[in-house]
Amino acid sequence: MSPTDTRADMADYDARIAELEAKLARLEATTETRTARTGTGLKDWAERYGLLAAWVLIILILGAFRPEQMFSWNSYATMLGSNAMIVVLTLALIIPLTTGDFDLSVASVMAISSMLIAVLNVRLGYPIGSAMLIALMAGAAIGFINALFILYFGIHSLIVTLGTGYFINGVVLWISGGTPIAGVSMDLVRAVILTRFLGIPVGFYYALALTAVLWYVFQHTALGRRLLFVGRGREVARLSGVNVNRVRTGALVASSTLAAFAGILYTGMRGASDPSSALAFLLPAFAAAFLGSTAIYPGRFNAIGAFVAVFFLSTGIMGLNFLGVDSFVQNLFYGGGLVIAVSISQLLRGRRPMD
């Protein structure tokens, strides 16, 4: 290849990258200027912050029936701390959701992370730090395996992650013998639940910090714009020079790694690992992910919206428990919340079909 051809190829590549950056900037500007499109600041405010207003409203309504509990700081301190792993699990979900992929294995990854820590620390005597590192590495490996089957074999993410999730569940039951394992190092318990700041377990602040990091990545980095661009149109992104498979692989690996971290928080909160209970968090995480996409940055999966949605739903469940409502109502609440959230999200997306 002659030097002239090389310079021409480089110029073409630079032009494509410049075009991509311009498209990403326009996409970001379009998303951030909803007021100009709707023509009314009030409607924009309602879309962005309606969920926050609904959160306050549900507290006031439930507080009218149980004021001594709903207006107690201890109730909210406990709720904030105990739902930290759901926040992290929801953050894990929204990364691949942004690129158009579903990860149904996150709760199973959380379960195997928790069980690996318990088996390694309690039964095999590994230091808790080493056990946590192995759990995180296992989570990242599972994400890579998911990406391999989705991208190399061309299987839909729903099918792949559903299958790997069930496979992981079997592994969890196998290594645990089907029974809970208690006696995890108190160092982990202290680092997650016993140490408190302003009365709130520090596990909550880990989730808060991750929310802030993910918000920054999504809103203020080229990586976040590429994630969004891939989710909005993979073929267009590919033709514009984005390595779509690399972006999707990174999203799936990050998702599973965060799910493994949720398993660490879950183990620290309980001081034990249960081979079955972690799976109950999949529905709340999905409900929060889609509900969160209707707030703050409406029509987009976003970290702050997901964070608010987790505690909006948790507040409702807490209030129903205070009212003595049967436990099955939780499933009705989360299931109904998921359907309603997806419906609202689709309306905000202009009824654009999901990939």
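Worth pointing out:
- Beta carbons closer than 8 Å, at least 6 apart along the sequence or on distinct chains, pair a first residue in the stretch 258-276 that is among the polar types (S, T, N, Q) with a second that is surrounded by fewer than 24 Cβ atoms within 10 Å (Cβ to Cβ) and part of a loop (DSSP other than H, G, I, E, B) for Thr267/Val184; Ser273/Pro180; Ser273/Val184.
- Counting only helices (runs of 4 or more DSSP H) that sit wholly inside the stretch 199-314, those with at least 2 residues that are over 24 Å from Leu158 (Cβ atoms) are 203-220, 222-232, 244-270.
- On the stretch given as the stretch 99-116, residues that are surrounded by fewer than 24 Cβ atoms within 10 Å (Cβ to Cβ) and not aliphatic (A, V, I, L, M) total 2.
- Screening the stretch 100-147 for residues that are in a loop (DSSP other than H, G, I, E, B) and of a type outside the set (Phe, Trp, Tyr) and picking the one that is farthest from Gly177 (Cα to Cα) gives Gly100.
- Criterion violated by Leu158 - all others in (1) in contact with a strand residue (DSSP E or B) (Cβ under 7 Å, 6 or more places away or on another chain); (2) under 20 Å from Leu104 (Cβ atoms) satisfied: (1)
- Residue check, Ala131 over 30 Å from Gly316 (Cβ atoms), under 21 Å from the mean Cα position of the chain (by Cα) and not polar (S, T, N, Q): no
- Of all residues in the stretch 51-85, those that are in a helix (DSSP H, G or I), closer than 20 Å to Ala287 by Cα and either touching a residue at least 40 places away in the same chain (Cβ under 8 Å) or within 21 Å of the chain's Cα centre (by Cα) (or both) total 12.
- Residues (closer than 22 Å to Val242 by Cα, more than 18 Å from the chain's Cα centre (by Cα) and not small (Gly, Ala, Ser)) located in the stretch 197-225: His220, Thr221
- Condition met for Gly324 (more than 16 Å from the chain's Cα centre (by Cα), crowded, with 24+ Cβ neighbours inside 10 Å and small (Gly, Ala, Ser)): no
- Only one of Val230, Val217 that is under 20 Å from Asp101 (Cβ atoms) and surrounded by fewer than 18 Cβ atoms within 10 Å (Cβ to Cβ): Val217
- Complete set of residues in the stretch 178-202 that are surrounded by fewer than 18 Cβ atoms within 10 Å (Cβ to Cβ), of a type outside the set (A, V, I, L, M) and at negative phi: Thr179, Pro180, Asp187, Arg190, Thr195, Arg196, Phe197
- Residue that is modelled with the lowest pLDDT, among those in the stretch 335-346 that are buried (at least 20 other Cβ atoms within 10 Å of the Cβ) and of a type outside the set (A, V, I, L, M, F, W, C): Ser345
The values are calculated or read from the model by the stated rules, or taken from the named source; none is laboratory data. All values derive from a computational prediction rather than experimental measurement. Positions of Cβ are backbone-derived with ideal geometry, glycine not excepted, and every protein chain shown enters the neighbour counts.
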